[in-house]
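**Student:** Below you'll find the structure I mean.
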Amino acid sequence: METKTRQHWLSLLAHSPAPRLAELLHQHLPPAGDISWLRRAQTGLVMLQGRSGGSGSRFNLGEISITRASCQIAGWLGHGWVRGSDGEHAELIAQADALLQNPQHYPSLQAQLLQPLQQELAARREQSARAAAASKVEFFTMVRGE
């Protein structure tokens, strides 16, 4: 599996609402006995780093809480990370990641999971952009005559 493709779906899964992810993923999940948990959901802190001017030297910006989980389904390892403390969301992401790496499951999951989530994310981002544009204020300067 290509790294950029996997990064894309992990990002998409992390930015999707957990109830919607559960709804779409439910029909694809194997029985609970077929899922081997390497790490159930664990919440911890990660240090965020920034760069001066976007490209300068690094500095510690602050900490953020994340939740991670890892599982194995039919020999495929899945990992999930999500911002905050939603353990169920992290576990759903890990399960989806394991299934998406399996070439037998990828085509159906692409059509029935990733595409709908991508469309919904694009719609949420467009709505957010429209709301921000509606509150945009344009300033102008009038030149005083002498």
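The values are calculated or read from the model by the stated rules, or taken from the named source; none is laboratory data. What you see is a predicted model, and the numbers here were worked out from it, not measured in a lab. All Cβ positions, glycine included, derive from the backbone under ideal geometry; neighbour counts span all protein chains shown. Please note that ligands, DNA and RNA were not included when accessible areas were found on the heavy atoms of the full protein model with its side chains. Shrake-Rupley method; radii C 1.70, N 1.55, O 1.52, S 1.80 Å.
**Student:** For Cα extents along the principal axes in Å, the choices are [x] 51, 31, 25; [y] 83, 34, 27; [z] 42, 30, 26; which was calculated from the structure?
**Tutor:** [y]
**Student:** Sticking with this structure for a sec: Put +1 on the Cβ of each Lys and Arg and -1 on the Cβ of each Asp and Glu in region 40-146; which of THR43, PHE140, TRP81 then has its Cα farthest toward the positive end of the dipole?
**Tutor:** PHE140
**Student:** If you don't mind, another one. Report relative contact order for the chain in percent, whole number only (criteria: Cα-Cα under 8 Å, sequence separation at least 6). Could the numbers behind the result be given before it?
**Tutor:** Values: 203 pairs, mean separation 31.9, N = 146.
After rounding, I find 22 percent.
**Student:** Under a point spin-label approximation (7 Å from Cα along Cα-to-Cβ), what is the MET47-VAL137 distance to one decimal in nm?
**Tutor:** 3.9
**Student:** Here's another thing I want to ask about it. Hey, can you find the accessible area per residue of region 37-94 for me, probe 1.4 Å, expressed in square angstrom? Each step should come with its number before you reach the end.
**Tutor:** Details: 3530 Å² over 58 residues.
Per-residue value: 61 Å².
**Student:** Based on DSSP loop calls and a cut-off of at most 16 other Cβ atoms within 10 Å, the longest stretch of the chain free of exposed chymotrypsin sites (Phe, Trp or Tyr not before Pro) is what? Mind showing how you got there, number by number?
**Tutor:** Values: sites that count: PHE139, PHE140.
Here the longest run is 1-138.
**Student:** Within the chain, what whole-number % of the accessible surface is contributed by carbon and sulfur, with the 1.4 Å probe and all protein chains included in the calculation? Before the final figure, lay out the partial values.
**Tutor:** Values: 5080 of 9770 Å².
Solvent-exposed carbon and sulfur of the chain make up 52 percent of the total.
**Student:** How long are the semi-axes of the ellipsoid equivalent to region 1-72, from square roots of 5 times the Cα gyration tensor eigenvalues, in whole Å, largest first?
**Tutor:** Details: eigenvalues 195, 50, 31 Å².
For region 1-72, the ellipsoid semi-axes come out as 31, 16, 13 Å.
**Student:** Could I ask something else about it? I'd like to know which of GLN112, ALA122, SER65 lies farthest towards the positive end of the charge dipole of the chain, counting +1 on Cβ of Lys and Arg and -1 on Cβ of Asp and Glu.
**Tutor:** SER65
**Student:** Right, something else. Can you send over the solvent-accessible area of SER57, 1.4 Å probe, protein chains only, in Å² to the nearest 10?
**Tutor:** Taking all protein chains as shown, SER57 has close to 80 Å².
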